[in-house]
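K.L.:
This is the structure I have questions about; it appears just below.
What follows draws every value from the coordinates through simple rules; no lab data is involved. Note that the coordinates shown come from a computational prediction; the quantities given were computed from them, not determined experimentally. Methodologically, a virtual Cβ is constructed for each residue, glycine included, from the backbone with ideal geometry; neighbour enumeration extends over all protein chains shown.
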């Protein structure tokens, strides 16, 4: 076993990442050491790369970046009994405490002591990562890397789409970034009557159709209210799945939501904004569900079920592949808005 | 407008039905008159045909039989504003009171004053039927007769499959009569991970595979417990959809149900039977849902959504077509167990 | 039977109401005529009295005002079979259509054709009112007028408090107008661990304690965040019941809401406002329930249950009684903020 | 610290228990050592005492008996950070694995690797017990022993009563042993409209009234069907809470259950029995909830809330107190049916 490894790190406060050589971590008694086989880039990684105010306020360099990771278990801490050495695993990025009142009541996704890999502790843009054994989700050995690496992000899509009953419902997905695109596929797979989607990127609008949207529209240039009303016999949609974080999209989505409609809200907005409380929520008797991360670990079981049954096909999602060394190019591609998921391999 | 019409009636107590000529009914102020375009045969109709103890205790001849009906609205009572004259409709068979506590709380399917057409009041094995306007569900004009006539029975399947969350779940359907077969299709359409099915008719076991079952087994001749455990990594199923009413199938189904599993129960048993309360329900922390009819009218909206989105394809379900005059042959076919749904046209 | 009756009407656009003599209405076939025994004043009535922009945009004079009404059934339309002539009834103010998709799926409270008595059609500030029979809720003959007249408004409280599971939960009620005060009593009755309340009227803060609040605070002058955190071991509340419509109270309430907390929202705000979407909903994984009217008719059954079991005691709620002739004085009392409910009798 | 302690053990297969001296256990790294302050007797303990077939098949002597325990933490394993040394705790009797799929999805109460203290591993009829730290629930230091010792059993009552929405509902509790009696108190505390109860012990029927039952009946000698129908205007009950495990009581309860009623089922029957599936479940559209143990750990939080708010008063429940040495007398008292809970102190 070597002592050092290649890693892509945030070396000090400020924009950018850099290639470095760091010590291979040792797993604690309840941890496993995973040899990384693939990583992918999330919007959060872009914030860290760009060093925006959120990143500057939270991340403490030096830090190995990256939280969407899959790889092989190569070593186990003394107290670990599962998963197996040699097993192929995807990683859950939230390291939770198991002892707070949330963890003790099946709500680990809002654990009050959560640490995120690649944000609060070393991540997976590296050759190895140490992580609690419970965060290593076993995959079939032959699961394609392109799907294994997506599971953490796919979990956001599943968590959002499963927050509401979509069976035989008309659904609007606002925001067609990778999580939104996968949400469209989930919504189709679980019996939605129709899925409408909006974004402001022509590339993603087109991608949305490929992932199963009945109608994909430009949120600004297309007459979205008219198109959706026409498609729904004037009624609007039963469900809003909000993946954009754009106040204008939120307003559009709630305008189209039927009375007693439900909305699942994953998108993070730039900040507070003017919201039409009475018409969008109270008079409409709407139900809103804030969505945070993935349910630990229900969402992982659900995601696995959708993938293994073939109900959801994630194979179109990874559109670009790079070596980890090419991380600057990979981030540039991701930032362009002209990609699905961008994957890197060590 | 003629005064008399052809009808297939139970003329007096005893087995069989007979062709007759009866007066065309006049719609009451809240009713519509429907010119029948197609009817189909339900298990209940077989009980009435055979005049079993249940039928003898409930049905008061003379009575026009038949409760699975579609046709065109040709006349409306004075208080009716919808559906339109000329509209193509499928009929809900339960005539409910709208005033009891169940009806007043959105539970019309258990209305305490329910009258069933073809059982408690004249049905649709005839050229015309009068029925409350709220029981006439508008169809698109081009919906195939073979699908329109199934909607009432399809509603049983939807009601059963929608009683439990099937998303990413492993599901066992016990009983592959027409309702069971359609339940398999619904379970697939709403994101089940896998659907296993049992019956004792080779014809229906084969049919189950065509409707989407991953595994269809003979409930007696196949080693069902072993096969399902093998298919589920030894875990059993998350959900049981019980459509058979056979005590042995119920026992088999609950034996395979995982702890905290859920069961939706539509099948009517021959009577009381020995049930393993502790192991099947209490220790297992199982949840059981008795299913009666269809939710009025939520199930109709849900059924419509599944059909119009294409998520469920009912076109294989009608396997035999007869003229209403050939009702004896039609009932014989239905009783053989070697059919899907049997349709008759006036 | 006389032909004319006394009524308090909005005679033409503009502030105020006036006493008048109008024709006694005739019940339609599905209606009953009710001899009014008591009415009370709602916030909506104050808007109509003052003729604010909402009232000016919706109400079409001349109109008999008033929608919180109880009285005796004195005549029934030809199609009415219940309630009995002579029966003592309270009125549901929303006249619904029974035929739209919401009504047909147990969601009459969001019927798309709703007409409100006292707003869209003649109300109950009069000696008689005609109303659909289904809107007349039978009371025991000996129910005190002071409780019978409250049931419509009590239904708002029940609907709000029942929207969320309050069992063993810590609850914050923001806004202690009459609906808020009754909500406190309901929250106590159904097993809340603690109820905290805020308002800006010292009279109502004191009233809140009498209705069962463990802690009642001035929303501006008291250090609400500190007091509630101290009372909850720093955790905040599990549930927010928002009855005020004040953006500052909404912000305060969501700030105190725990992760995965739930909020039921009845208060109507002055308009759109800046809302901290990320921290109040998304990151917190909060669930929000917009509340409109009462569930028709579940809420009435629930309200009846709480009153008859003695779980909720509404007797302190009516604090002032007037004759209908004294309506100006009654409205002045209601507008002062120094009252519970204000009742008038013809 | 002494090395040996007094304990009441099942020394070898066969009836009875015996006083013994055994080694004080050492806590494993994730365990605490608790100095026992009080224990109480459960029905399960009676089975072990009598050495019935269930006990003979499961218990492997020698074993320290007892699973209802409270005491003080006197030592902590190396990995334990909570609860505090010196803290007063009540014990959850199910030792769960935290790693199976049930534990990982918030369903620890059906953990597939559960070990019960006093059944599968040494229990608390002793001066000391070692148990995983997560099983030691912190109490306020001044909580009376008589309440602290009940919490584990009280959790069964809370779990059962919370399985169904009881708000404004009419409830039948069949079986008034200690768990049934506490369930009556919970049902009252969370807003039931009425609670009816049955048992076959006059002592317990009387006790049921003291715990809040509106009506307490002898299941055999009283005309239960008539009495409950009369009390419910002929409608029957909305909810059945089945605590007896007696097939006759189950039949009586389901006979009285309204259409669409719900039943929570904790009572363990002597074995399989004839059950009227059609009338009790299918036609009635009933919903049944098997109840096992307590939800880990939601039920503990809920139980704490009810106790601390004063909504439930458990102080009448312990009716007899003994020294641990007097265990034979204590078991005799418990077996007589003329007691509430029986407590012993070391």
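K.L.:
In degrees from 0 to 90, rounded to the nearest 10, what is the angle of the helix B:247-256 Cα long axis to the longest principal axis of chain B?
P.N.:
Helix B:247-256 and the main axis of chain B meet at about 50 degrees.
K.L.:
For each of D:93, A:292, C:272, count neighbouring Cβ atoms within 10 Å of the residue's Cβ, then give the residues from fewest to most.
P.N.:
If I rank by nearby Cβ atoms, fewest first, I get C:272, A:292, D:93.
K.L.:
So what is the 222 nm mean residue ellipticity for chain D from helices alone, if each DSSP H run of at least 4 adds -39500 (n - 2.57) and you divide by all residues, rounding to the nearest 500 deg cm²/dmol?
P.N.:
Rounded to the nearest 500, the figure is -7500 deg cm²/dmol.
K.L.:
Then there's this: How long are the three semi-axes of the equivalent ellipsoid for the stretch D:157-290, computed from the Cα gyration tensor as the root of 5 times each eigenvalue, in whole Å, largest first?
P.N.:
Equivalent-ellipsoid dimensions as semi-axes: 19, 16, 15 Å.
K.L.:
What value does the stretch B:1-72 have for Rg/Rh, both radii from Cα atoms and Rh as Kirkwood defines it?
P.N.:
Ratio of gyration radius to Kirkwood radius for the stretch B:1-72: 0.99.
K.L.:
Neighbouring Cβ atoms within 10 Å as the yardstick, rank C:17, A:215, A:181 fewest first.
P.N.:
Values: C:17 22, A:215 18, A:181 27.
Going from sparsest to densest Cβ surroundings: A:215, C:17, A:181.
K.L.:
Same structure, new question: What is the distance, in nm, between label points placed 7 Å from the Cα along the Cα-to-Cβ direction at residue B:12 and at residue D:274?
P.N.:
3.6 nm
K.L.:
Moving on to the next point. Taking neighbour counts of Cβ atoms within 10 Å as a proxy for exposure, in what order, fewest first, do C:111, C:176 appear?
P.N.:
C:111, C:176
K.L.:
Output the antiparallel fraction of DSSP beta bridges having both residues in chain D, as a percent to the nearest 5.
P.N.:
Counting DSSP beta bridges with both partners in chain D, the antiparallel share is about 55 percent.
K.L.:
Counting only DSSP beta bridges with both residues in the protein assembly as shown, what percent are antiparallel, rounded to the nearest 5?
P.N.:
55 percent
K.L.:
Cut-off 10 angstrom, C-alpha nodes, Gaussian network model of chain C. Which of C:275, C:154, C:322 fluctuates the most?
P.N.:
Highest fluctuation of the listed residues: C:275.
K.L.:
Under 1.5 on a/c is rounded, so check that first for the stretch B:95-186, then, if it is not, pick prolate when a/b is larger than b/c and oblate when it is not; a ≥ b ≥ c are the square roots of the alpha carbon gyration tensor eigenvalues.
P.N.:
oblate
K.L.:
Now, a different point. Roughly how tilted is helix D:298-309, in degrees to the nearest 10 and between 0 and 90, from the longest Cα axis of chain D?
P.N.:
Helix D:298-309 sits roughly 80 degrees off the main axis of chain D.
K.L.:
Something else about it: Taking springs between alpha-carbon atoms closer than 10 angstrom, which of C:145, C:306, C:91 fluctuates most in the Gaussian network model of chain C?
P.N.:
Its mean-square fluctuation being the largest, the pick is C:306.
K.L.:
Right, something else. Shape call for chain B from the C-alpha gyration tensor, a ≥ b ≥ c root eigenvalues: rounded (a/c under 1.5), prolate (a/b greater than b/c) or oblate?
P.N.:
Details: a/c = 1.83, a/b = 1.69, b/c = 1.09.
It comes out prolate by the Cα gyration axes.
K.L.:
Please report how far the C-alpha centroid of the stretch B:293-333 lies from that of the stretch A:144-173, rounded to the nearest whole angstrom.
P.N.:
32 Å
K.L.:
Moving on to the next point. For the stretch D:193-211 and the stretch C:1-32, what is the separation of their Cα centres, given in Å?
P.N.:
Cα centroid of the stretch D:193-211 versus Cα centroid of the stretch C:1-32: 54 Å apart.
K.L.:
Here is a follow-up. Looking at the P(r) of the stretch C:214-329, how many percent of alpha-carbon pairs lie beyond 23 Å?
P.N.:
Percentage above 23 Å: 49.
K.L.:
Compute the helix-to-body angle for B:151-162: its Cα long axis versus the longest principal axis of chain B, expressed 0 to 90° and rounded to tens.
P.N.:
Roughly 30 degrees between the two axes.
K.L.:
When chain B is treated as a GNM, springs tying every alpha-carbon pair under 10 Å, which of B:237, B:22, B:149 comes out with the largest mean-square fluctuation?
P.N.:
B:22
K.L.:
Eigenvalues of the Cα gyration tensor times 5, then square-rooted: what semi-axes does that give for the protein assembly as shown, in whole angstrom, largest first?
P.N.:
For the protein assembly as shown, the semi-axes come out at 48, 40, 39 Å.
K.L.:
Calculate the spin-label point distance for residue A:1 paired with residue D:248, positioning each point 7 Å from the Cα along the beta-carbon direction, and give it in nanometres.
P.N.:
For residue D:248 paired with residue A:1, the spin-label model returns 6.8 nm.
K.L.:
Which whole-angstrom value gives the distance between the alpha carbon centres of the stretch B:222-287 and the stretch C:88-104?
P.N.:
The two parts, judged by their Cα centres, are 42 Å apart.
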